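Heads up, the thing below is written out as structure tokens.
Values in this text are rule-based calculations from the coordinates and carry no lab data. Predicted model only: the values in this text are computed from it and were never measured. Every residue, glycine as well, gets a Cβ built from its backbone with ideal geometry; the counts of neighbours run over all protein chains shown.
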């Protein structure tokens, strides 16, 4: 997912309009729209401003870790299931 697609998704998730994002960032609405439509390349400071306006940060993720990061961002996580009973809990339950 491209940076612009991520900005659009987060904009939608936050329930914000392009105008609101422009107001928060100090970037004129037509320029925000042009950036999100891919009509011009944005500079780093523009990307920083868009991320800050969405209360987010952009991060470079090595390709070998991308799948795991996407899982975490989707709320699926990659660690142990902390809701599952531990081996000790299962053992003690079996002794009752």
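Key figures for this structure:
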| quantity | calculated |
| --- | --- |
| Count of the range 27-40 residues which are loosely packed, with under 14 Cβ neighbours inside 10 Å and closer than 25 Å to residue 70 by Cα | 2 |
| Among the residues listed as 24, 66, 92, the single one being in contact (Cβ under 8 Å) with a residue 24 or more places away in the chain and surrounded by 10 or more Cβ atoms within 10 Å (Cβ to Cβ) | 24 |
| Positions within the range 7-20 being surrounded by 11 or more Cβ atoms within 10 Å (Cβ to Cβ), free of Cβ contacts under 8 Å to residues at least 40 places away in the same chain, under 16 Å from the mean Cα position of the chain (by Cα) and not in a loop (DSSP other than H, G, I, E, B), in sequence order | 8, 9 |
